[in-house]
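Notes to accompany the following structure.
The values are calculated or read from the model by the stated rules, or taken from the named source; none is laboratory data. If you're wondering where the values come from, they're calculated on a predicted model, not measured in any experiment. Neighbour counts are summed over all protein chains in view; Cβ atoms, including those assigned to glycine, are modelled from backbone coordinates with ideal geometry.
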Amino acid sequence: MSDTSITPISKLAIVVLSYNGKDLLGKFLPPILETRTDYSKVFVVDNASTDGTYEYLQENFKEVNIIRLPVNRGFTNGYVESLPFIEAEYYVLISSDVEVSPGWINPVIELMDSDKTIGICQPKIKSYNQKTHFEYSGAAGAYIDRYGYPFCRGRIFFTVEEDTGQYQDNREVFWCSGACMFIRSEVYHGIGGFDNEYYAHMEDIDLSWRAKNAGYKVMVCPQAEVFHVGGHIISYGSPAKIFRNYKNGLIMMVKNMTTDNIWGRLIFRLILDNVAAIRALATGNISEYKAIFKAHWQFYGGLRHWLRKRKQAKLAVNNPNRTGIYNHSIVWQYFIAKKDSFNKLGW
């Protein structure tokens, strides 16, 4: 790491994580600088880019604090390595492929300032490429079902809703998207930060789940709005993303689920995953089948390790907050009952 030692404390540190994102930074960093508040500082974490990102930032964005990592060990490690060197009351962790809008900061900070039990909060996240619609990850607030499957207010599996103002209320949810996440620094460091076991994908849900297990609230503030390109590093629907989503989803359950019937739910989750694998095979999607099989194989192979992580994670559990867990199967509701929007769930 170079260029930045521990900095003076600010109220908000806007931390942009970038890997070979020079073009994205040229497009999306200026709006961040234009909309920053007088109580915020902007940092870019260059995750060992090879496209000249570091030199480009030095030449064109002298007001930005740069943290340069010598080796790229994944999305999670970018924050694991950099955040201990940034002192602020709040972090906003934002991907380099996110376009911010005017006034995207104050509503979230005002909400979090009003309630010290709010540990994490996200703005409304919409699609950069289809700005009338929500974005796949995060949308207008995110949840999980009883079997650990994530979904969003505005996106369930393959159905992404148009934003017609139907989800404008601040509300407590279960997880916030890593595309744009506001988090109290004391919460981030207090629960151990991002887990490098995930490398990428599901790390934001895991972090949110640990915050919930520590008794904090996780919120969405739709009065603030950003637009996410998505799929910049690992594209949506790719075998690599499928593999990490299935594997990391199982790790996350073992590590964080605190209910007495975790093993019954985990077994049922494995059955549902196998149904998805068989469906992929039957429809000729061999790459998806292989990705799910590989995910399960690696999960089983590391089970003892995941159980040790569960034991460690339980040490931080304190009056767990279970708000945001859907006590039904979202798989059943979507694929069988044909409920393809959040409002249809009757929740």
Selection status of CYS180, hydrophobic (A, V, I, L, M, F, W, C) and in contact with a His (Cβ under 9 Å, 6 or more places away or on another chain)
yes
Residue that is nearest to the chain's Cα centre (by Cα) [pool: residues in the range 333-347 that are in a helix (DSSP H, G or I) and not polar (S, T, N, Q)]
PHE342
Just to be sure before I move on: is CYS121 closer than 24 Å to PRO30 by Cα, buried (at least 23 other Cβ atoms within 10 Å of the Cβ) and not assigned by TED's automatic domain parsing to the domain that holds LYS255 in the structure I sent?
yes
Based on what the data block shows, is ASP260 among the charged types (D, E, K, R), surrounded by 13 or more Cβ atoms within 10 Å (Cβ to Cβ), out of contact with any Cys (no Cβ under 7 Å at 6 or more places or on another chain) and free of Cβ contacts under 8 Å to residues at least 40 places away in the same chain?
no
Being assigned to a strand (DSSP E or B) and surrounded by fewer than 16 Cβ atoms within 10 Å (Cβ to Cβ) narrows it down to one of LYS11, LYS41, LYS27, so name that one.
LYS11
Could you list, ordered by first residue, the pairs with Cβ atoms under 6 Å in which the first is in the range 186-210 and charged (D, E, K, R) and the second is assigned to a helix (DSSP H, G or I), at least 6 apart or interchain?
ASP195/ASP206; GLU203/THR76; ASP206/MET252
Can you tell me which residues in the range 188-230 are among the aromatic types (Phe, Trp, Tyr) and closer than 28 Å to PHE299 by Cβ?
TYR188, PHE194, TYR198, TYR199, TRP209, TYR216
Any residue that is assigned by TED's automatic domain parsing to the domain that holds GLY301, touching a strand residue (DSSP E or B) at 6+ places or on another chain (Cβ under 8 Å) and under 27 Å from ARG304 (Cβ atoms) - is there at least one of those in the range 144-165?
no
Just to be sure I understand, how many residues within the range 275-315 are without any contact (Cβ under 8 Å) to a residue 12 or more places away in the chain and under 18 Å from VAL331 (Cα atoms)?
3
Please go through the range 154-173 and give me each residue that is of a type outside the set (S, T, N, Q) and in contact (Cβ under 8 Å) with a residue 60 or more places away in the chain, ordered by number.
GLY154, ILE156, PHE157, GLU161, TYR167, GLU172, VAL173
Please verify whether the range 318-332 includes one or more residues that are without any contact (Cβ under 8 Å) to a residue 12 or more places away in the chain, surrounded by fewer than 14 Cβ atoms within 10 Å (Cβ to Cβ) and either part of a helix (DSSP H, G or I) or assigned by TED's automatic domain parsing to the domain that holds ALA214 (or both).
yes
Of the residues CYS221, CYS176, only one is under 21 Å from ASP145 (Cβ atoms), touching a residue at least 40 places away in the same chain (Cβ under 8 Å) and touching a helix residue (DSSP H, G or I) at 6+ places or on another chain (Cβ under 6 Å); which?
CYS176
